[in-house]
Structure formats: structure tokens, C-alpha cells
1. Here are some values of volume of the Cα convex hull per residue in Å³: (1) 102; (2) 151; (3) 135. Which one was computed from this structure?
2. For a label point 7 angstrom out from the Cα of residue 65 toward its Cβ, which stretches of the stretch 107-125 have the backbone nitrogen within less than 20 Å?
3. Label 7 Å along Cα→Cβ of residue 57; the stretch 18-47 residues with amide nitrogen under 13 Å?
4. With each pseudo-label sitting 7 Å past Cα toward Cβ, what's the residue 20-residue 73 distance in nm, one decimal?
5. Mean separation of Cα pairs under 8 Å and 6+ residues apart, divided by the residue count of the chain: what relative contact order is that in percent?
6. In the neighborhood of residue 73, defined by Cβ-to-Cβ distances under 9 Å, what is the net charge if each Lys or Arg adds +1 and each Asp or Glu adds -1?
7. How many nm separate the modelled label positions at residue 27 and residue 93, each set 7 Å beyond the Cα in the direction of the Cβ?
8. Using the Cβ atoms and a cut-off under 14 Å, what net charge is assigned to the surroundings of residue 45, where Lys and Arg are +1 and Asp and Glu are -1?
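Each reported figure results from applying straightforward, stated rules to the coordinates on display, with no laboratory input. The structure presented is a predicted model; accordingly, all values stated were derived computationally and were not measured. All Cβ positions, glycine included, derive from the backbone under ideal geometry; neighbour counts span all protein chains shown.
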Amino acid sequence: MIMTVKTDLYNSPSPLEWATIGNGILFTAQIPIDAQGRVVEGGIEAQARQTLENLKHTLEKAGSNLSEVTQVLIYVTDKTYLPTVNKIYAEYFQAPYPNRAAMVIVGLARDEMLVEMIAYAAVDH
């Protein structure tokens with residue numbers, strides 16, 4: 001059975017859930033939007049921080065936390081963003097770190113988005 005995680009994140013008009021749980025695993029994709037659904041301004045540092053804050057919030061709403069994250073997939077639109085994303089990422093995660101991959105892609109769903117993260121985490125439900 002798949003459960004939906006109820007968050008306080010922006011209620012997207014797109015057909016999606018911010019997070020679901022199946023077989024004890026939380027599945028989530030997070031983007032750098034605020035509570036009104038706007039992509040945050042301030043470049044890659046602000047966007048990476050907002051994305052990770054949204055992830056942290058989602059995990060807490062699921063009864064989990066960052067230490068339960070098993071894998072993170074990071075998408076950026078420019079390779080030069082990765083050192084900044086790594087710096088912010090290290091403020092949120094501690095060793096042992098989740099398994100991770102980083103990909104440089106042409107673009108994301110919104111042109112102004114510079115980063116998106118997909119995460120998987122263990123949950124007890």
C-alpha cells in the first residue's frame with residue numbers, strides 16, 4: 001500500500017504528491033519553491049538551501065529525518081553550481097552520508113530553477 005505524506009508545502013496544481021511511502025521507503029522530489037509556489041531568488045545558494053529545507057520539512061512530516069536518507073539524486077543546470085550545492089548539502093547531512101549522484105542537465109520544469117533533488121529515505125510506518 002502506498003501512503004501519501006501530507007506536508008505544508010505549496011499545493012501544486014500539477015498531478016503530484018510531494019512525497020509517498022511504499023514498503024518502508026519514502027520517495028520525494030524537492031525543488032526550490034517557497035510556500036506560495038514561487039522559485040526562490042538569490043541564485044544557486046538560496047535555491048539549494050530552499051530545496052534542502054523543503055526536503056527536511058517533508059521528512060519531518062513523514063516522521064523521519066535527514067539521517068534516514070539513503071540516496072539523493074541532485075540535478076543542476078550548470079556544473080559550476082556543484083561546489084555551492086556541496087557546501088550547502090554538507091550543512092544538512094553528516095557522515096555517514098547518503099549514497100548520491102549529481103547530474104548536469106539542460107533544464108528543469110521551470111526555467112528559473114537551477115537545482116532539483118530526489119531523495120529516498122527509510123521510514124517506520
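1. (1)
2. So the set is 119-125.
3. So the set is 18-19, 30-40.
4. Using points 7 Å along Cα→Cβ, the separation is 1.4 nm.
5. 32
6. 0
7. Placing both labels 7 Å beyond Cα along the Cβ direction yields 2.0 nm.
8. Working: positive: 49, 87; negative: 41, 53, 78, 91.
Here the charged neighbours net out to -2.
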